[in-house]
Every structure is written in C-alpha cells, then in structure tokens.
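Here the structure comes first, spelled out in structure tokens, and everything after it is commentary.
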C-alpha cells in the first residue's frame, strides 16, 4: 500500500478532487489529506468529514501550525496592537524567516502582473498590492516597469527564496507521514506558504506534484515559485500557461482533463421541467434564461447589473425575449449580496437556490444541474458555470459592462470563453445582448458543434467519452511509481547565505507592518522613553509599597528609642537627683550636727 | 472679494461653489470674481456683483488665484502629513497600551495621549456649510443664456407648454421608467439626465439626455432652473438645485446626513437598507447609528467593495407618493410639516451631534452648529420612524 499526502489550502478544494481521491483510495492507496486552513463558511468541513467516512483509506487532518500564517502577515499591524490580557510573544527566528518568505513570494506575484500579457489586469495587480506592505509597491512600482529590471529583481528574489530554510515543523510532519507522493493544491495563492512543503519534499527526497484546481489558477493568482517535480493540468491551454507564465518544463506537465466536471456528463435531471419550474417559482409554459452569478472578485456588486439586465429583457421590445423567464443563481461564495435583490419586483423571475442555502445540503447539485438543463440559455459575467452550460450544450451569453472590466478583459481566462475558440457570445451593450438572445436561443447545429469542440479541448482533452477522474488517478499513480527523488539538501552557499539572510529576515519582519520609515526610527527611542518612564513608575511603586513604610517604621523606632532612652535617662536623672539631694541633705544634716557639737 | 474658478465641465459641482461664493460675498459685502476659461457663466446674483475680469485685472487675479491654490495645496498636504503622523503615533502608542507589563498608570496615560491625538486628527475636517446655504440666493440666468438653452431644448422636443421635471436616476431602470411614465401622465415633460442608462426602453414625453455625447453647462443649468422640481440621486445635482433654488426630491439616498436637504423646498427619500448578515431590513433609525456609518464609510471612502448592507431602491409606489408630497409643497407652500418629519429632523441633529466626535464623515456632513436643514424626509418614511 502506498501513501499519498494531499496538501490543500482548505477543505473547499476537496470538491475538485473528491472522485479522484475516492478512486485512489479504492485502488488501495492510503490518502492522507492535510488542510492548512480550516474553513466552514460553505460547509467545507462537512465535505471533509463525509469524504473521510467514505473509506478507511482516507484520512483528513490539519497541517502543522505555522508561527505566522499569510493571514497573520496581512493583519500583523492590527495584531501588534495587543488587547489587554494578550500575551506578548517574543519574535522567533521562525517568525522572521516566514515573514521574509511571505514578503518575497508576494513581491514575485506582484511583479508578474507587470508582464505585457497582464497590461489590462490592473485589478489583479492591485489585489497583490493591497497585501504587500506599502513600502514595497512604492519602491517597485516604477522600478519594475522595464522587463530587464524585473528579471534582475526576480533573480534576486529567487536567490533569497533559496536561502530561506525549510520549516522544522513541516520537515517533521513529512518525515512522520513518510508519503510516497506529495500532492499540493493550489500552491499559487498570493504569497502561498505551501511552497515550504515543496521545498521540504525536495530536501527529503519526496516526489511532489502540483494539481491545478481550476481554470483561472495559473493566470489570475500567484506564481509557482519553487517548481514541484510534476504539474497536473486540465488541458493544453493550461499546459502552455504553465510553461510560458510559470517556467515549468513541458516534460513535467501531465494533462488529465477536468475531473471536476465529470459528473456533468453523467447526471440526469432530478425532476420534470414542470416540477422544477413550479418549485423555483417560474412559469413552466415559458422558456427561461439562467443568470449565473460570478465570484466576489469578478462581480462584487452584481445586483444592480442584474436589475438592469432584467429590465432590458422586459422592455426589449422583442416579444420572444421579453416573455422569457429569468432564473437567478447566485454564486455560492458570493451570495450574501443577493439578499438585497427583490425578485418579486420582476414578473416571472426567481432566485434559486434561496440565498444562504448550504451547498452541502441534499439536492444542491441536482438543483444546479436542473437549472442549467432546463434553461433556454445561460447568461453570466465570467464564471465556471458557463463551462458547465457548454457541457450541456446550452447557448451561453455575456455582456461587457464597465463595472466588470476587471473581471472580464482584466483576466486572461475570460478569453477562453469569448475568444475565437470560445463558446460564449459576448455583447458590448444590453441592446446588442437582446438581439443576440433573439437569434441565439434557437437550435443551431453550428453552435452545438462549437460547444462540443470547446468541451473536448478544454474539459476532456482525451476524448468526450473519456472521464477525467480515472485519468487523473492513473496519472497520480504513474507519478508515484516513479519512486522517491534524490534528496536535495541545501548547498553550502545557501547555508552560508543564511547568515546575512537573517538580517534580511528581521528587516522583512519589521517592514511587514507596512508603516512609514520614520516609525521605525522613532520606535526604539520611544520604547526606551516609555521603559524609562515605566521604570520611574515602578520605582515610585516600590517606594510607596516598601520604601515609605520602612522609613516610617525606622522613624517610629527612632522616636520610640529616643522616647524610651530619654525617659530612662530622665528616670535615672530623677533617681540620681533624688540620691544627690538625699546625700546633700544628709551631708547638710551632718554638717549642722558637727557645728552644733562644736 | 470672493475669487472663484468654477469647473464648468461639471455643472452640478460648480453649482455649490457658486452658491457658497455668493453667500460668502453677501456676508462680507464684497463681489464674486469669476475666472473662466472660454465659457461665460450665465449667472447673476441679486445684491452680489458677479464680475468676470478682463485684461490686467484678470492676469492679476489669476496670479492671486494660483498663489492661493498653491497655498491651499501646501496646507492640504501639510494636513495630510500631520494626520498621517498622528495616526502612526496613535498606532505606536497602542502597541504599548495593551502591554500588561507596563504599570497601569502609565498605560492610562498613554491611552489618554492616544485619545487626545485621535481628537486632534479629527478636528481638521471641513464641514459642509449648511447654514451658509440656508438662505436662497436670488440667482437669475442671463437672457442670452436662457434664450440659447431654450432653443436647444426646443430642438430636443421640450417646449414651454408643460411643466418640466428633471429626472436623474442611476439604478433600477424599470422603476425609473414607471416613474417617468407617471410624471408624463400627470402632465409633466421629463428630461432625463445623469449617467447613460444601459436600458433599451424609452417612453413618450421623456427626453433622454443621458445618451448625448456632451451636455453643456448651459443646458443642464437651464434644465434645473426651468424645472418645476428635480428628482435626483446625486448630491451634486441637489446642490445645483440650491443654486437656482429649484425644489429637489432626492431619491434612493443611503446616507441621511449627506442627503438631508438644506432648503425648505427639499425632500429626501431613503433607500431600504438590508443587513446582509441577517437578511433583515434595517430601520431608518438604525441608519443613524455608528455601526451603519462605519460600514458606509468603509464602502465609500476606503473603496471596500462589499459592506454589511445592501440596498433596495425606492419603489414606484414610494416615489409616486413622494412626488405627490412634492407637488403639494410647491402648490401649498412648504409650511406644513408633519410632527413625524420635524421629529426625524431633530433625531438627525441629535444623532449628528452624538456621532460627530467619533466619525469624521458625520462631522463633515452632519449638522452645522445644530442645523441640518430646513428640508424634510418624505412623509411616508417619517411616519414609519419609531
């Protein structure tokens, strides 16, 4: 039995690989899933529990704790302002190195969006910029524009990345699990810490592979900073992206198809069209359009556009279009905004599933399938639901809108949908969109062929009748069979570089707060001043608590001893005086007697 | 002397500049000198000379203007720097305030220093001069200008036969269409202005100016001045209405302070705010609380894309009711105000006074020395405020 360790950012990534993991487990592999971040926003923890319960060969566990997660890095300045009662933690070596690692990786991600192919992707660049401490964009914003400068900076960053040591906790975790193969996903998150697993695997001689989870992963996020031994992608387009944008040698890439969409080929509607329409609140006698919501990055404020779209539909003046029903399907991870949408204001329009529905609830996937299956066409800004609609052969539409430029022209993956080989008909205005709907909803053999070709190329490159899940499982098994790699311990120059590198790490840790330069200059004197004042307060406390009572006691003792001694002396004096008087009196009496006798 | 260089490319914005300049000139007994490039400003304000300088006087005033604006820039930069230093200073203090190893008295002292710096950082906001804008200026447009604008409107199909309503709506085109149809049915001509609406619908009696490539200052200003009233969503258009003293109905307002009308002939209708956590509609009273403004501020000022609140636009029924109230106000005068409307005004003033010390946004847009405005919240909403 072989051991496969599958490292995921959070349990939400299970949905991309659920079938493949079960298949690997069924064929006798022990699959250990480790999650860097626990997440239950969309019931991901339930998915993990369900998967673990499905086979004794599947185990789910948290990945080792990091001293500083990327999230901590981003909120460090808030965290630094400790709340009363918090324990101030001394900054360790590990903190400094992790800070340097996150900084270096974020800068690399930032630089990639200066490349010519990302010239329209200002929002993607802005997304990284927001995560970086502000000093870096200020320094790099202008310097990174010439390609030669970028190359030099990148080479320097790669050098720094090399000297960052592996994390002891991760080394220990990998040694304990001792996997035959380490799978990682997504690895390309901005400033990702999963890179450390790839580095540890290289050091320990464990074979590693990146599983590219989704169609936008290689173009809209960060870079693969340290190359794993293998990269598993969906299709040739992604293979080219991996080579051109991430520098992955073609011989390390395996194309498997998209296992995520396999169930769309096998599924059948869960109920009749009439039942479905009645359930969701649409007129079953009329065809309807499905509006598929996009993710929060693509469409943060989608409701006003949808309202305009619905109005345009109703007032289009084209009877066939005006009478269409409209079913709105919010993106599961961007559904909250739809609470403000009033579907009752639009005739024959409905929102389904209701906002806030748990994606793990029974029937959720079936509802989605039925929504697409029974629709006359699918409309969306830029979302993977448009790929799913292409699998079912539905006509697919989108409208270019100024508020979504960043999520349409500003992303490379949008071109897969609307480019020459794409399946989505794009309109530059709602008026044009209405005309496209008028003609586009009719049966069209040419469109069906285009859809099939797109699906074959993009989703199932090994053939429309070849499910991607078994191909993925076979690819993983084949990679595992290659056996362990040669351990690659750090060379001497890397170990030597760590001595000056430690200062760099300290600087990165300090700069990660994103404060202006003068703050670092005044911090030390300010802390010194505060500590001096604090010392004064402490001395004052000590004086109040111990000094003053002691002095009081001493003073009292002195007074007492003075009093006692003076009393004693007085007493002695008094007695001496009395004795003296008596002696004097006796002497006087004796003298008188002597005089009298004479 | 008040020197003014209005941005004529943005008619709505230059309206408030003119009103403020005229009000200030009236107070100080001076004149308004307009520095304009190319276009002439077709406005005269009774009691306040509005002078367009020429020749050497213009050169001299331009130099004065440039010097003053450079000084203003330097001041603004200085204020920005000062605010940044104060902010960072506060953050540095906060680093130590939570450190329990420090003596309690010292932490208390640091805390009071941090609070003092917070107060100092907030004392620099420029408040919206509500009191100055309170009295309507007797503004009139020059006859040449009126003539030119009228001919342009005639060419567009708007004639003097019907009272005009200038309508600006940014969202929910279906509601906009229904309201415009209602206005047309009520005997108004409607001119739609503002951002181009991505709607394929048009209705009779409505002239859509949103699709015109350019809308000269003269046209927009004349439209607002010639209107029986305006319906708007933007603060700029509301302020342009102050210039020509046209009654305004602000719709779909999200911020009760910003939108509250200064003039008595102004009405405001608030959007329905939905709490996106609980999916519940929040009350108008809740729209005057600190958590609401914190969220609004994050969305508007910090550019955060998602807030904790979503908004539903005013419905057709609400807007027709507001239009009826506006018509009643124009016909019968603006003297009759319901108990609930004056109570709401008082509530806004009280909320503003409470929030101003802790919210820069409220201190900028809230009550000006206890005065929020003579306008009112539409009656149907005011009646519903508990």
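On the given criteria, is residue B:258 assigned to a loop (DSSP other than H, G, I, E, B) and within 12 Å of the chain's Cα centre (by Cα)? So residue B:258 does not fit the description; no. Just wondering, is there one or more residues in the stretch A:518-533 that are more than 30 Å from residue B:84 (Cα to Cα) and within 14 Å of chain B (Cβ to nearest Cβ)? No, every residue in the stretch A:518-533 fails to be more than 30 Å from residue B:84 (Cα to Cα) and within 14 Å of chain B (Cβ to nearest Cβ). Within the stretch B:327-346, the set of residues being outside any loop (DSSP other than H, G, I, E, B) and touching a strand residue (DSSP E or B) at 6+ places or on another chain (Cβ under 9 Å) comprises B:327, B:329, B:330, B:340, B:341, B:342, B:344, B:345. Check whether at least one residue in the stretch A:392-407 is surrounded by 23 or more Cβ atoms within 10 Å (Cβ to Cβ), within 11 Å of another protein chain (Cβ to nearest Cβ) and within 23 Å of residue A:42 (Cβ to Cβ), and report yes or no. The answer is no; no qualifying residue exists.
Conditions (1) within 14 Å of chain B (Cβ to nearest Cβ); (2) over 28 Å from residue A:131 (Cα atoms); (3) surrounded by 11 or more Cβ atoms within 10 Å (Cβ to Cβ), marked per residue:
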residue: A:478; (1), (2), (3): no, yes, yes
residue: A:485; (1), (2), (3): no, yes, yes
residue: A:504; (1), (2), (3): no, no, yes
residue: A:544; (1), (2), (3): yes, yes, no
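For the stretch A:446-464, the condition holds for no residue, the condition being that it is away from chain B (no Cβ under 14 Å), in a loop (DSSP other than H, G, I, E, B), closer than 30 Å to residue A:283 by Cβ and modelled with pLDDT of 90 or more. The residues in the stretch A:198-221 that are farther than 18 Å from residue A:248 by Cα and buried (at least 22 other Cβ atoms within 10 Å of the Cβ) can be counted, and the count is 2. Within the stretch A:267-296, the set of residues being under 23 Å from residue A:391 (Cβ atoms), within 28 Å of the chain's Cα centre (by Cα) and in a loop (DSSP other than H, G, I, E, B) comprises A:293, A:294, A:295. When the residues of the stretch A:284-311 are filtered to those that are touching a helix residue (DSSP H, G or I) at 6+ places or on another chain (Cβ under 7 Å) and farther than 25 Å from residue B:314 by Cβ, the one that is surrounded by the fewest Cβ atoms within 10 Å (Cβ to Cβ) is A:284. Of the candidates A:520, A:537, the single residue that is in a helix (DSSP H, G or I) and modelled with pLDDT under 90 is A:520. Within the set B:128, B:145, the sole residue that is in a helix (DSSP H, G or I), more than 14 Å from chain A (Cβ to nearest Cβ), surrounded by 15 or more Cβ atoms within 10 Å (Cβ to Cβ) and touching a residue at least 60 places away in the same chain (Cβ under 8 Å) turns out to be B:145. Close contacts from the stretch A:419-443, counting a first residue that is away from chain B (no Cβ under 13 Å) and a second that is assigned to a loop (DSSP other than H, G, I, E, B), with Cβ to Cβ under 7 Å and a gap of 6+ residues or different chains, come to A:426/A:400; A:440/A:395; A:441/A:376; A:441/A:395. Within the stretch B:115-125, the only residue that satisfies the criterion of being at pLDDT 75 or above and crowded, with 16+ Cβ neighbours inside 10 Å is B:117. Can you find even one residue in the stretch B:347-354 that is in contact (Cβ under 8 Å) with a residue 60 or more places away in the chain, within 14 Å of chain A (Cβ to nearest Cβ) and assigned to a helix (DSSP H, G or I)? Checked the stretch B:347-354: no residue is in contact (Cβ under 8 Å) with a residue 60 or more places away in the chain, within 14 Å of chain A (Cβ to nearest Cβ) and assigned to a helix (DSSP H, G or I). Which of the residues belonging to the stretch B:165-182 are more than 11 Å from chain A (Cβ to nearest Cβ), in a helix (DSSP H, G or I) and buried (at least 24 other Cβ atoms within 10 Å of the Cβ)? Matches in the stretch B:165-182: B:179, B:180. Can you find a residue in the stretch A:297-312 that is under 30 Å from residue A:180 (Cβ atoms) and assigned to a helix (DSSP H, G or I)? No - not one qualifying residue is present in the stretch A:297-312. In the stretch B:93-114, of all residues being assigned to a helix (DSSP H, G or I) and either within 7 Å of chain A (Cβ to nearest Cβ) or at pLDDT below 85 (or both), the one that is surrounded by the fewest Cβ atoms within 10 Å (Cβ to Cβ) corresponds to B:105. The single residue among A:508, A:557 that is touching a residue at least 24 places away in the same chain (Cβ under 8 Å) and either within 14 Å of chain B (Cβ to nearest Cβ) or part of a helix (DSSP H, G or I) (or both) turns out to be A:508.
The values are calculated or read from the model by the stated rules, or taken from the named source; none is laboratory data. Everything numeric here is computed off the predicted structure, so don't read it as measured data. Every residue, glycine as well, gets a Cβ built from its backbone with ideal geometry; the counts of neighbours run over all protein chains shown.
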